[in-house]
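Trainee: One structure, pasted below without further comment.
The values are calculated or read from the model by the stated rules, or taken from the named source; none is laboratory data. Keep in mind the model is a prediction, meaning the values are calculated, not measured. Neighbour counts are summed over all protein chains in view; Cβ atoms, including those assigned to glycine, are modelled from backbone coordinates with ideal geometry.
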Amino acid sequence: MLNATAEIEFFPGAETGCPAENWKRTAESFSPPPDCSGRGESQVSKSAVSSNAAAIESQLKVNPFYISHMSEAEFCQLVSDATEYLRARIARAREEFGIGGFERYDYDLPTNRFWWSNGGVPQVEARIIIVGSISTTSNTWLWSWANSHFKDVFTPDIERVREYGVQHRIAPLINPQWPADEADGWEMTSISARLLESEAAYRSPSPNGALFLLLNDLKRLTPNERSA
């Protein structure tokens, strides 16, 4: 369990972007922008995802940022739309639940719970989805579904993001680990939030990088729940 009294970071102060030098891609074909609404169940079976992912991963060995169904401009638009979505949801969560204004926060990965407290008493609770992590040692992004440390606390929600990547051949959503910095971590978190319709996100810093979490199902705790 992690707990702290310092204020937590819910979004970077600087604008996230889509630097062209970071997203050089080869586009074998062009299709309309993907539907980023995240509504409805995926029609891709797990076997199809695995099969398609294997084929795409062979391309990734040649080009780590292989994309065939989305242009660079479309990807940047996806990032921009997702970023604005997450900013709006976090602003709403601040207004409705006061997140960012409590004395203390705690989260427990095994139970996928995150809560804010005042005077040692929990006030607001949320459910966690682990997105991935940035390592400042290797300077890479690693998706939670590919991280062996999270095998016992992994939530299947994030697999929907990978499925979306497979459907549209978006390499950063498929490649388990790739060169990245914190801005990339926020971009992947924003896209995940948009696709999963999450309510907020949180960056948990560590000595060697940061863990990125989505927060869903926010609720104010009743007096009985606070004392439980």
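Trainee: Exactly one condition in (1) more than 13 Å from the chain's Cα centre (by Cα); (2) assigned to a strand (DSSP E or B); (3) farther than 18 Å from I99 by Cα is false for I134; which is it?
Mentor: Here I134 clears every test but (1).
Trainee: So for the stretch 84-102 (the condition being at pLDDT below 85, farther than 13 Å from M188 by Cα and assigned to a loop (DSSP other than H, G, I, E, B)), does at least one residue qualify?
Mentor: Yes, the stretch 84-102 contains at least one residue that is at pLDDT below 85, farther than 13 Å from M188 by Cα and assigned to a loop (DSSP other than H, G, I, E, B).
Trainee: Is at least one residue of the stretch 181-193 surrounded by fewer than 16 Cβ atoms within 10 Å (Cβ to Cβ) and assigned to a loop (DSSP other than H, G, I, E, B)?
Mentor: Yes, the stretch 181-193 has at least one match.
Trainee: Also, I was wondering about something else. Checking P156 against (1) at pLDDT below 85; (2) in contact with a strand residue (DSSP E or B) (Cβ under 8 Å, 6 or more places away or on another chain); (3) not small (G, A, S), which test does it fail?
Mentor: (2)
Trainee: Now a separate question. Which condition breaks for E197 when tested against (1) at pLDDT 95 or above; (2) buried (at least 17 other Cβ atoms within 10 Å of the Cβ)?
Mentor: Status for E197: all satisfied but (2).
Trainee: Identify, from the list P176, P110, P156, the residue that is touching a Leu at 6+ places or on another chain (Cβ under 8 Å), under 27 Å from N208 (Cα atoms), without any contact (Cβ under 8 Å) to a residue 60 or more places away in the chain and surrounded by fewer than 18 Cβ atoms within 10 Å (Cβ to Cβ).
Mentor: After ruling out the rest, the residue left standing is P176.
Trainee: Residue by residue through the stretch 194-214, note down the ones that are part of a strand (DSSP E or B) and more than 8 Å from the chain's Cα centre (by Cα).
Mentor: A200, Y202, R203, S204, P205, S206, G209, A210, L211 - these are the residues of the stretch 194-214 that are part of a strand (DSSP E or B) and more than 8 Å from the chain's Cα centre (by Cα).
Trainee: If a residue must be touching a residue at least 24 places away in the same chain (Cβ under 8 Å), over 19 Å from L215 (Cα atoms) and in a helix (DSSP H, G or I), how many such residues does the stretch 159-172 contain?
Mentor: Selection size over the stretch 159-172: 7.
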